[in-house]
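Laboratory data are not the source of any read-out in this text; all were calculated from the coordinates shown. All values reported here derive from a predicted model rather than from experimental measurement. Cβ sites come from the backbone with ideal geometry, for glycine too, and all protein chains shown count toward neighbours.
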Amino acid sequence: MKHFLSVEDADNVDTLLDQAAAYKLAPLKDAALGKGKRLGLLFLNPSLRTRLSTQVAASQLGMQAIVFDVGKEGWALELEDGVVMNGSSVEHIRDAAPVLGSYFDILAVRSFPSLQDAHQDYSEVLFQQLKAHSGVPLLSLESATLHPLQSLSDILTIREAWKENRRPKVVLTWAPHVKPLPQCVANSFAQWMIEWDAADFTITHPEGYALKDSFTQGAQIIYDQEQALHKADFVYVKNWSSYEAYGSTPEVPGDWMLTETKLRQTNQAKVMHCLPVRRNVELSDSVLNSASSLVTAQAANRVWAAQAVLANLLKSIAHKS
Amino acid sequence: MKHFLSVEDADNVDTLLDQAAAYKLAPLKDAALGKGKRLGLLFLNPSLRTRLSTQVAASQLGMQAIVFDVGKEGWALELEDGVVMNGSSVEHIRDAAPVLGSYFDILAVRSFPSLQDAHQDYSEVLFQQLKAHSGVPLLSLESATLHPLQSLSDILTIREAWKENRRPKVVLTWAPHVKPLPQCVANSFAQWMIEWDAADFTITHPEGYALKDSFTQGAQIIYDQEQALHKADFVYVKNWSSYEAYGSTPEVPGDWMLTETKLRQTNQAKVMHCLPVRRNVELSDSVLNSASSLVTAQAANRVWAAQAVLANLLKSIAHKS
Amino acid sequence: MKHFLSVEDADNVDTLLDQAAAYKLAPLKDAALGKGKRLGLLFLNPSLRTRLSTQVAASQLGMQAIVFDVGKEGWALELEDGVVMNGSSVEHIRDAAPVLGSYFDILAVRSFPSLQDAHQDYSEVLFQQLKAHSGVPLLSLESATLHPLQSLSDILTIREAWKENRRPKVVLTWAPHVKPLPQCVANSFAQWMIEWDAADFTITHPEGYALKDSFTQGAQIIYDQEQALHKADFVYVKNWSSYEAYGSTPEVPGDWMLTETKLRQTNQAKVMHCLPVRRNVELSDSVLNSASSLVTAQAANRVWAAQAVLANLLKSIAHKS
């Protein structure tokens, strides 16, 4: 594994899940793997679970993690080549990237989308430039379009919870929210579920909220939430803004919040959400407080997902040197 | 010690003081006690001394401390159960608490009061919810109403400075300030002094500035500062806003700033303050610059207070596992 | 080395360069030197390269580095003695300094100038007060007037790149910018180059942009950039605001941006800049992207400069104790 920006960087999803599960059983089994190595954690947007779980994972591998919280405003990076930098951008990514690469063995970055310009967001220029110019493995802590550590943790949680000898039905359902959110968690979950291919995977959302089809090809897409939830074993609840009418939130008829009533149509489904969740907007209190909820397990599993990925990146550095 | 939110969590104040004093003599004597354990330091309000001293203490016990600076605005937590989260709160404490508990062995938290609503502030909902839902020991780094690590350090400082074979007279005196401050340092010092019961303890403040009586029962309360200071061995200077007319700062006749002239009424009293101090508003420069001042010693002792408390919390985890 | 605030704190520049170069060859050769020692990194202004490189350096010496990011607004320090603190300052440096000194073995501080008042900025009161009252070695991470770690790294980069058996010609040239910048990088580079005395050193800038002469005595100063660049072996590009008309940016006739055309007048000069750089304002893209550019090397060398300085400060503590 040279970088970790999407499911395409994983040689095999099940192998990665096995590695994560092994760290969960024995967190310190590779405590010397990262000795003398440094992980730089660069946050252009705020983070709770991602930051803490990655710091914990790094520490369990014996790596030093140095966090660098820098708001997009605090450190306005220029991403475009050839411009005259007489505006608000203070540093070009081409100058910053190799310096960061000289300080760290692995670089982990979080940067949210603008939700203003689909082309710009979906070209992931920041990550592409860092990959091209930093000279070290790059780890996504959530980009404009994807959140691979979250997805790995989500699928680990599904695999742990599933005890039956058949493919589970997993449904990703859109949910209401009070403001426009990125599509990244949904894009990424779809991409990983399809690549994993160990479950029947359905996506349901209102008209106007279709995800970019390159991420969802292979999934069943249904506009009727009730029909989609029928006999589901897992329901992943998540809001996202429109991709077609980029970043907007077209009005949605009917109530898409997941409630206990709706859950009765499922096969006693377990309920998932990446957190933070708006209670009684996306999901009802009673669902979140019930034994059906896997949300704490998903967040706790972030540590093992991050640890498996960091271990693979560390091994690829060792091979190189 | 299961948690550390107030003096009630200390089995015995003198035992705790002895432990702190022992760490001061030999900072690294328990350098392996916290090995493999993680302390999460969550700041909803800014901190200088508390943050640094607790990080130092954790490090001397071999613990990894991970700081998480998150302004109240940056991470608007919902504390009330059952609400529809369609406003500005982004995450419910019931969802955040168990996740934090999964990442850390001990959770330390700072959160200031609103000073708008006495009932809300004094019910300490954030701490109660974290205690109920995180599943790990909780350490107060200053709550709306109390600041127990400060008080432990304050009493350690008094015990170190007192060489005579009689109970010292300790006076907590209100002092002027330029803006409304919480009551927590004063509440907490009163609570600890009364529980410690090794000194004669007097509180003096202007009318309208009475502290909540549950914290001060057992103390002598005098409205005349001059009378209160008479023969004092220690004078603790601190501003607080009104508890009765909650958060307000009723006008105060006379001058309550502690000066050298006033100190002459005392028994060459040592002068204390928790810092930061407004020079020549709360305390005169000449007092702060004199040998009477214990303020640096108090702040330096924060390390040993935190180390003693963390050691007790670590031991209680070890017992459990 | 008792403190590190300017070149005057270095016994010998070449010895310090040798030490930095030795750490570059063997980063972990003194990995036990800082064992049990703590470095406090206090940022009153933001930092990227300085913060990260110093953390890395400390870690390679086995020191614990604790970062304390506090904006000037977040922690408004009072620097003047004797004032009544009834304004916006929340803490006096005389109270904060000894507390910080009790938590740390070495204190590193960054604080930018106001650019409003030359006398105030150039008296470096914050650093002087910390030196006087903290009781521990003080390390500048950039002050109002100097940036010694940058200069040490710059000269290390020059020494590494220079292979000929004669004194190189080094030119510091003013460059355009979009806003007023401090003089500190230029002051400091001049001070170090003159003290090092292993190169012919020329400064070129437009009229009105003279640096304070105490830093430049011994350098050749030329107002004609073309003439200055003639046969240069190294060109250090940097903007600064006026010292005479303090903090202002008098209009400059002609184009001072460094381009490939201008470089042709030099002796195939290597090009330097401390970063961040405004591309196509200070320096053209083509120069920065060419093999002539040393900017990444300069920033990467910050680690070894910091490590050499920290090692010297650690040794001076060991001598004392």
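Using the alpha carbons of the protein assembly as shown, what is the convex hull volume per residue in cubic angstrom, as a whole number? Don't skip to the end; give the middle numbers.
Working: hull volume 169.0 nm³, N = 963.
Value for the protein assembly as shown: 175 Å³ per residue.
Measure up A:LYS179/C:LYS179; B:LYS315/C:LYS72; C:LYS24/C:LYS179; B:LYS169/B:LYS212 against 29 Å on the Cα-Cα distance and list the ones that go over.
On the way: A:LYS179/C:LYS179 36 Å; B:LYS315/C:LYS72 40 Å; C:LYS24/C:LYS179 35 Å; B:LYS169/B:LYS212 22 Å.
From the list (A:LYS179/C:LYS179; B:LYS315/C:LYS72; C:LYS24/C:LYS179; B:LYS169/B:LYS212), the Cα-Cα distance tops 29 Å for A:LYS179/C:LYS179; B:LYS315/C:LYS72; C:LYS24/C:LYS179.
From the mean inverse distance of alpha carbon pairs (Kirkwood) and the Cα radius of gyration, derive Rg over Rh for the range C:1-88. Can you show the working numbers first?
On the way: Rg = 17.0 Å, Rh = 15.7 Å.
Here Rg/Rh amounts to 1.08.
Tell me which DSSP H helices of chain C clear both cut-offs, 27 Å or more of axial length from alpha-carbon atoms and a mean Kyte-Doolittle hydropathy of at least 0.0.
Working: long enough: C:295-320 (38 Å, 0.42).
Membrane-span-like by this criterion, though nothing is claimed about a membrane: C:295-320.
Pull out a ≥ b ≥ c, the square roots of the eigenvalues of the alpha-carbon gyration tensor of the range B:126-194, then state rounded if a/c is under 1.5, prolate if not and a/b is larger than b/c, and oblate in the remaining case. Don't skip to the end; give the middle numbers.
Values: a/c = 3.28, a/b = 1.53, b/c = 2.15.
In terms of gyration-tensor shape, oblate.
Could you give the nm distance between label points at C:ALA210 and C:GLN265, where each point is 7 Å from its Cα heading toward the beta carbon?
Placing both labels 7 Å beyond Cα along the Cβ direction yields 2.2 nm.
Under a cut-off of 14 Å between alpha-carbon atoms, report the aspartates and glutamates in cross-link reach of C:LYS131, not counting same-chain residues fewer than 8 places apart.
C:LYS131 reaches C:ASP9, C:ASP95, C:ASP105.
Springs between alpha-carbon pairs under 10 angstrom, Gaussian network model over chain A: which of A:ASP233, A:ASP81, A:ASP255 fluctuates most?
Comparing A:ASP233, A:ASP81, A:ASP255 in the GNM, the peak value goes to A:ASP81.
Which of these, B:TRP174, B:TRP256, B:TRP75, has the largest mean-square fluctuation under a Gaussian network model of chain B (Cα springs below 10 Å)?
B:TRP75
Can you list, largest first and rounded to whole Å, the semi-axes you get for chain C by taking the square root of 5 times each eigenvalue of its Cα gyration tensor? Walk me through the intermediate numbers first.
On the way: eigenvalues 213, 124, 50 Å².
Value: 33, 25, 16 Å, ordered largest first.
Extension gain B:SER316-B:SER123, at 0.36 nm per residue separation less the Cα-Cα distance, in nm?
Numbers: separation 193, 0.36 × 193 = 69.48 nm, distance 2.60 nm.
Full-extension gain reported as 66.9 nm.
Within a 10 angstrom radius of each residue's Cβ in C:42-55, how many Cβ atoms of other chains show up on average? Whole number is fine. Intermediate results must be reported in sequence, preceding the final value.
Details: counts 2, 0, 0, 0, 4, 1, 11, 5, 0, 2, 10, 3, 0, 6.
For this peptide, the per-residue mean of nearby foreign Cβ atoms is 3.
Near C:LEU146, within a Cβ-to-Cβ distance under 14 Å, what is the net charge of the other residues, with Lys and Arg +1 and Asp and Glu -1? Can you show the working numbers first?
Numbers: positive: C:ARG110, C:LYS131, C:LYS212, C:LYS238; negative: C:GLU8, C:ASP9, C:ASP121, C:GLU124, C:GLU142, C:ASP154, C:GLU195.
That sum, taken over residues with Cβ under 14 Å, equals -3.
Roughly how many nanometres apart are two label points built 7 Å out from the Cα toward the Cβ at C:SER248 and C:ASP81?
Placing both labels 7 Å along Cα→Cβ, they lie 3.5 nm apart.
Suppose we consider the axis relating copy C to copy B; can you name the residue of C with the nearest Cβ and state that distance in angstrom as an integer?
C:ASP69, 5
Semi-axes of the equivalent ellipsoid for the range C:236-289, please: Cα gyration tensor eigenvalues, times 5, square-rooted, ordered largest first, whole Å.
Details: eigenvalues 103, 32, 22 Å².
Working through the eigenvalues yields semi-axes of 23, 13, 11 Å.
Let me know the mean shielding of B:56-64 by other chains, meaning the per-residue number of their Cβ atoms within 10 Å of its Cβ. Please report the intermediate quantities before stating the final value.
Numbers: counts 7, 0, 0, 4, 3, 0, 0, 0, 4.
For peptide B:56-64, the averaged partner shielding equals 2.
Filter the GluC sites (Glu not before Pro) in the range A:49-90 to those in DSSP coil with at most 11 other Cβ atoms within 10 Å of their Cβ, and list the result.
Numbers: sites: A:GLU73, A:GLU78, A:GLU80; in loops: A:GLU73, A:GLU80.
Here the sparse-neighbourhood loop sites are A:GLU73.
With Rg and the Kirkwood Rh both taken from Cα atoms, where does Rg over Rh land for the range B:21-159? Display every interim value, and only then the final one.
On the way: Rg = 16.1 Å, Rh = 16.2 Å.
That ratio equals 1.00.
With unit charges on the beta carbon (Lys/Arg positive, Asp/Glu negative), name the residue among C:GLN217, C:ALA198, C:GLN183 whose Cα is farthest towards the positive pole of the charge dipole of the range C:183-230.
Ranked along the dipole, the leading option is C:GLN183.
Testing the spin-label approximation: label points 7 Å from Cα along Cα→Cβ at C:GLN116 and B:SER290. State their distance in nm.
It works out to 3.5 nm between the two label points.
Kindly give Rg over Rh for the range C:150-299, based on alpha-carbon atoms, with the Kirkwood expression for the hydrodynamic radius. Intermediate results must be reported in sequence, preceding the final value.
Values: Rg = 13.9 Å, Rh = 15.1 Å.
With Rg and the Kirkwood Rh in hand, the quotient comes to 0.92.
Within a 10 angstrom radius of each residue's Cβ in A:273-280, how many Cβ atoms of other chains show up on average? Whole number is fine.
Values: counts 1, 0, 5, 12, 5, 9, 12, 6.
Taking all residues of A:273-280 together, the mean is 6.
Just in the range B:224-310: which GluC sites (Glu not before Pro) are loop by DSSP and have at most 14 other Cβ atoms within 10 Å?
Listed in order of number, the matching sites are B:GLU244, B:GLU251.
By per-residue mean of other Cβ atoms within 10 Å, what is the highest-first order of A:22-33, A:124-135? Walk me through the intermediate numbers first.
Working: A:22-33: 14.8, A:124-135: 18.6.
Listed from highest to lowest mean packing, they are A:124-135, A:22-33.
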